1. Just to be sure I understand, how many residues within region A:62-84 are within 13 Å of DNA strand C (Cβ to nearest atom), touching a strand residue (DSSP E or B) at 6+ places or on another chain (Cβ under 6 Å) and within 12 Å of chain B (Cβ to nearest Cβ)?
2. Considering each residue of region B:24-43, count those that are within 14 Å of chain A (Cβ to nearest Cβ), under 21 Å from the mean Cα position of the chain (by Cα) and either in a loop (DSSP other than H, G, I, E, B) or more than 16 Å from residue B:77 (Cβ to Cβ) (or both), and give that number.
3. What pairs come out if I take residues in region B:44-71 that are part of a loop (DSSP other than H, G, I, E, B) and pair them with residues that are within 12 Å of DNA strand C (Cβ to nearest atom) whose C-beta lies under 7 Å away, six or more apart or interchain?
4. Kindly list the number of the only condition in (1) more than 24 Å from residue A:122 (Cα to Cα); (2) touching a helix residue (DSSP H, G or I) at 6+ places or on another chain (Cβ under 6 Å) that fails for residue B:78.
5. For region B:25-40, give me the residue count where each residue is within 10 Å of DNA strand C (Cβ to nearest atom) and surrounded by 16 or more Cβ atoms within 10 Å (Cβ to Cβ).
6. Scan region A:44-57 for residues that are more than 9 Å from DNA strand C (Cβ to nearest atom) and closer than 14 Å to residue A:77 by Cα and jot them down.
7. Quick one: would you say residue B:165 is under 25 Å from residue A:114 (Cα atoms) and outside any helix (DSSP H, G or I)?
8. I'd like to verify a number: residues in region B:70-121 that are modelled with pLDDT of 85 or more and under 26 Å from residue A:218 (Cβ atoms), how many?
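The values are calculated or read from the model by the stated rules, or taken from the named source; none is laboratory data. These numbers were taken from a predicted model, which means no experiment stands behind them. Cβ: placed from backbone, ideal geometry, glycine included. Neighbour counts: every protein chain shown.
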DNA sequence: GCGCAAAAGTCATCATACAAAAATCCATTT
DNA sequence: AAATGGATTTTTGTATGATGACTTTTGCGC
């Protein structure tokens, strides 16, 4: 009964065909390959390009329509919705890669993620909960193998946003996360300290608190755990900025004295 | 801009068959006729009970699954999700996808504003605190003069976002607020009930709690007050959507009998 | 009883056909 | 020549039947 998720380390869900199609079209829409208000290829064309039946295509389009990304009109075609991408476009446009901006964006992301953790604790279903656990254990596995954990970290947060059943949370996270990823990933100056084992162990410990709160269905605890995690990440980010500053100062001084 | 539907009083929506089925099943789920974790009737049975093709049934089930209410398992059946938020299911029950999107956006805005209230309590400077107070008393003045308070309400929230000293918060608020404004402003269908004096008095009372918490520098209290305010607004929004639905149903019935 | 294979039930996908609405084309009319 | 109106085509919505994959249950042999 309730022990279904107890021992399920790997969930190995069957990726339904329609979901892959949804992902593909989503990517195209986010890349702006089809402008808002414009018509998508017809169902017939899509069946050809993706090599699946019209049933699958229709299911995928229905899902996109449910998320408000497209809008089918009988006899006319399927059209890209206006407002969504413009919103994200506006946001994504004017944040560069400056550190001060990154900190501000991180702060907005904090707001989004705290609330999404709380909602995930309430609204998640079994599959979504399994998805979060899966990402958690993937992080664990990579950590033991000393492989880069960045993607798994992102996947963990993304799974939580997805468990809110509000598609805007995950979209928001995608847009914000692409610009300012707090933890590690491929920032050119965070190669050594940030990737240390104790550092990542600490991350995982914080993740566990979040995971426990969500599986327990405790929204308040989930929010608090996520807040603690992200404020700690914020702090680590600041420290790294400071460390880089010190490093530069030292190198400048060394160059002057030699 | 968004007033394209203002002059078209009649519902120009063709209710897709699947949407009818979705509404029906949603109502059943909400009524608790099928307990969480239990299996729904099979697709074949549903085709009989609703008198539509299996295509429609599948589309409806896919939509319910997209909202996280049910969870299909190949070879086993379609099961009701364990942790369903009755709130969400209820509010998305019988409205078009457009309103459902608006509610999702509103939910994101809730996340942003809660955190911004907390930050404003900590980071505000004297001028910003004065700005928040000014907006508050402007609302009061308009209320006494029976003038529309919409802009002042928006200004109050904007002043709080501005007091975070993080420009992204106010920008976020602008982008989100332009799409889905929860309070009142110029929604074409919120002319009477929503503008009542007691309604706006209630808003102002909630505003006061927020203002007090911010001026006291109590971030936790500010967040809680803002959360209370916005969830209450969400509730009011829901009720208005429902009222509109009833209105349309009445007008349709009247048109049929005349 | 227990284990295992067969069978039935169920969702996922495919293929085809027709209906309905919109867009386009074209002929008729002004 | 321009405009109007209807016929044709395109495209989504719905219906139907069939097949495969997966899950659950049943039944059989031991």
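1. Final tally of qualifying residues: 2.
2. Number of matching residues: 1.
3. Close Cβ pairs (under 7 Å, with a partner that is within 12 Å of DNA strand C (Cβ to nearest atom)) amount to B:52/B:17; B:53/B:47.
4. (1)
5. Summing the residues that are within 10 Å of DNA strand C (Cβ to nearest atom) and surrounded by 16 or more Cβ atoms within 10 Å (Cβ to Cβ) in region B:25-40 gives 1.
6. Listed by number, the residues that qualify are A:44, A:45, A:46.
7. Yes.
8. Final tally of qualifying residues: 18.
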